[in-house]
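What follows is a set of notes on a single structure, which appears directly below.
Just so it is clear, none of the values below were taken in a lab; they were calculated from the coordinates. None of the values given here were measured: they were computed from a predicted structure. Quick reminder, even Gly has a Cβ in these numbers, built from the backbone with ideal geometry, and neighbours come from all protein chains shown.
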């Protein structure tokens, strides 16, 4: 995408062969306000889990999650090590810990487990959107939906690139609605976003990607499309 601030119509279903099984959101400066706008719009029966990396000092992500939970229909909580990612829940990475996902269980009953760690060392941010999204891309591949919201710097570029390269959905916030147009800008400039939208349209795009309006390619089956 050449124009970082282009508003596109709903991404057409024909662009994607599968329905996402997870939504990964990365944000920084202006993020609490953006999340306060976006998350209360999501329905309680959202068919996937959502993982959020918000850059904040230690001690602030817990209160943020509690505040968002009180104003949202969907459940919002600060992630804990060992949590299983469940549909209709938002997991906010705790400040000071990296968050990743891993598969857990048998082939017939795979679950997604949250892992918190101080590793890798040397990242500018902890938690890092890149670390989280790289993990999501590795586990879910083309069944991932990555969203990059307002924020300073370039955290999320590597992770969003991985989701894009795996065939997942990548969406960015536009400049006009961003408090700081840094993280979405670098993703747009690298041509890895399939859509750039104002924050007011994000909920619609998420629900559209999850096929909340039309049945998916397998006659409406709600089972996993991953092998």
What is the Cα centroid distance between the stretch 64-108 and the stretch 20-52, reported in whole angstrom? 11
For Rg/Rh (Cα atoms, Kirkwood Rh), which listed value, [x] 0.93; [y] 0.95; [z] 1.04, comes from the coordinates shown? [x]
Rounded to the nearest 500, what is the chain's calculated 222 nm mean residue ellipticity when only DSSP H runs of at least 4 contribute -39500 (n - 2.57) each, over all residues? -7000 deg cm²/dmol
Within the stretch 25-51, what residues put their amide N at less than 12 Å from the label point 7 Å along the Cα-to-Cβ vector of residue 60? 28-33
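I need the peptides 28-38, 115-125 ranked by packing, meaning the mean over residues of other C-beta atoms within 10 angstrom, with the highest value on top.
Sorting 28-38, 115-125 by mean packing, highest first, produces 28-38, 115-125.
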